[in-house]
Amino acid sequence: MTSAEIIALADRYLCPTYARAPLALVRGQGTRVWDADDKIYLDFFSSTVVTNLGHQHPAIVRAIETQAHQILHVSNLHYCEPQARLAEKLVQSSFADRVFLCNSGAEANEAAIKLARKYGHAQGGGRYEVITAYNSFHGRTLATIAATGQEKVRVGFEPVQQGFRYAAYDDVDAVEQAISPRTIAVLVEPLQGEGGIVGPAPEYFQALRGLCDRHDLLLMFDEIQTGMGRCGTLFAYEQLGVAPDVMTLAKGLGAGVPIGAMLAAAPLASVLDKGSHGSTFGGNALTCAVGLAVMEVLQGEGVLANCVAMGERLSAGLRALATKHPLIKAVRGRGLLIGVELTQPGGPVVDRCLAAGLIINCTANTVLRLTPPLTVSAAEVDEALAILDKALT
């Protein structure tokens, strides 16, 4: 099928829930993708920050092939080796003691919210409220849109689920003022992705950790976008000087297959006991085999070092572009999660880049989001900068 035929078919039969670019991709290799008309693009979006290892990474392909020849799915009423091994790897690589596996970031955040509420009922005097930050994004389910600090995602889905309060990001005093006798947890992103690639002052998270300890609150990190090497370390919290009580992962953990994870430290790890939560496909054998391969690649092939080096190269190149393009207001981010704030809406720049063969994204209306695979090369970074230079002119 041609790109036009694929687009027409999708527009005819799919719910119109996405503002799609007129692009039908059929193949990928490394940092390159091909559309149905055989046009080649440089992928600096990683399919919504998912394909952290690029397309067709040999270890991922091998994991899929090997597991497909064994067993694809095992009910969670039985045991599954890839699931157990992935949980072990996540625990050994983090602060956590146990893992709940699911299918997406929204589901991981749902699990974290349920964990906080159950902990609040069991040991917190019935407390259930969760404080989140304005401009945050935590998912599209009814609970996670209520947790998201953006009013626009809740419009049309009222009444919104109760039990969430909001405070300004990078403002510990605002969080403290939002605490009520019903508060049990604070849920925050180490770097706000959908909110415009916004990071707080270095001391924010230390102060937040202290605040939660004083008030007996759980500190929960949403690392769905920042985790899995995206910021230059396996998890972004490693750079913050504090550890959370709960962390959620998804996106890059599956390298393109759907998986999410909620990690918790003891004694919280056992709060979600038998029958209190579950997922039919959560911890699927195939996705866990892929997740395990992702972890092994990130920890053993110099990918994290490349992320740091290429992140510095890309950021430096973008700052150089800012000196010649007044349209650029700021460049910010960490690792290869980079935002370029413009003085006007970024949609037209995204469209010009796409026409020139570069896939990027715009978030928060004026922020270009550049998130290439962590395996991106210096030549590919320079190629993307050259395309963006022309698109900004």
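Summary table
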| read-out | value |
| --- | --- |
| Test item: Cα-centred dipole of region 27-117, Lys/Arg +1 and Asp/Glu -1 on Cβ, debye | 220 |
| Relative contact order, percent, region 146-245 [alpha-carbon distance under 8 Å, six or more residues apart] | 23 |
| Calculated FRET value between residue 39 and residue 276, using beta carbons and R₀ = 51 Å, to 0.05 | 0.55 |
| Residue 48-residue 162 pseudo-label distance in nm [points 7 Å out on the Cα-to-Cβ vector] | 3.1 |
| The chain: relative contact order in percent, alpha carbon pairs under 8 Å with at least 6 residues between | 22 |
| Positive dipole terminus of region 1-135, leading residue within 36, 10, 131 (C-beta point charges) | 131 |
| Compactness of region 10-162 as Cα Rg over 2.2 N^0.38 Å, two decimals | 1.34 |
| Dipole-positive endmost among 157, 290, 249 within the chain (Cβ charges, Cα centre) | 157 |
| Length-normalised contact order of region 196-321 in % [C-alpha pairs under 8 Å, at least 6 apart] | 22 |
| Counting DSSP beta bridges with both ends in region 95-252, the antiparallel % (nearest 5) | 5 |
| Loop-resident sites, region 15-51, for trypsin sites (Lys or Arg not before Pro), counting at most 15 other Cβ within 10 Å (DSSP) | 20, 39 |
| Cα lying deepest toward the dipole's positive end in the chain, options 101, 58, 280, charges on Cβ | 280 |
| Whether region 168-295 is rounded, prolate or oblate, judged on the alpha carbon gyration tensor where a/c under 1.5 counts as rounded | oblate |
| Heavy-atom accessible area order for 191, 354, largest first, 1.4 Å probe | 354, 191 |
| The chain - mean residue ellipticity at 222 nm from DSSP helices (-39,500 (n - 2.57) per run, n ≥ 4, rounded to 500) | -11500 deg cm²/dmol |
| Anisotropy class of region 295-335 from Cα gyration tensor, a/c 1.5 cut | prolate |
| Dipole magnitude of region 105-166, debye to nearest 20 (Cβ charges: Lys/Arg +1, Asp/Glu -1, about Cα centre) | 120 |
| Convex hull volume per residue for the chain, taking Cα atoms only, in Å³ | 146 |
| Debye log10 I(q)/I(0) at q = 0.19, 0.20, 0.21 Å⁻¹ for region 242-393, Cα point scatterers | -1.14, -1.20, -1.26 |
| Gyration tensor (alpha-carbon) shape descriptor, region 326-393, a/c threshold 1.5 | oblate |
| Net +/- balance of residues flanking residue 367 in space, Cβ distance below 15 Å, scoring K and R +1, D and E -1 | +1 |
| Region 1-50 pair-distance distribution - Cα-Cα, 5 Å bins, rounded % | 4, 19, 27, 23, 19, 8, 0 |
| Charged-residue dipole, Cβ positions (Lys, Arg, Asp, Glu), region 251-339 about Cα centre, Debye nearest 20 | 580 |
| Exposed chymotrypsin sites (Phe, Trp or Tyr not before Pro) absent: longest stretch of the chain, with sites in DSSP loops and at most 14 other Cβ within 10 Å deemed exposed | 158-393 |
| Antiparallel DSSP beta bridges within the chain, percent to nearest 5 | 65 |
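The values are calculated or read from the model by the stated rules, or taken from the named source; none is laboratory data. Every value quoted in this text rests on a predicted model; they were computed, and no experiment measured them. Cβ sites come from the backbone with ideal geometry, for glycine too, and all protein chains shown count toward neighbours. Please note that ligands, DNA and RNA were not included when accessible areas were found on the heavy atoms of the full protein model with its side chains. Shrake-Rupley method; radii C 1.70, N 1.55, O 1.52, S 1.80 Å.
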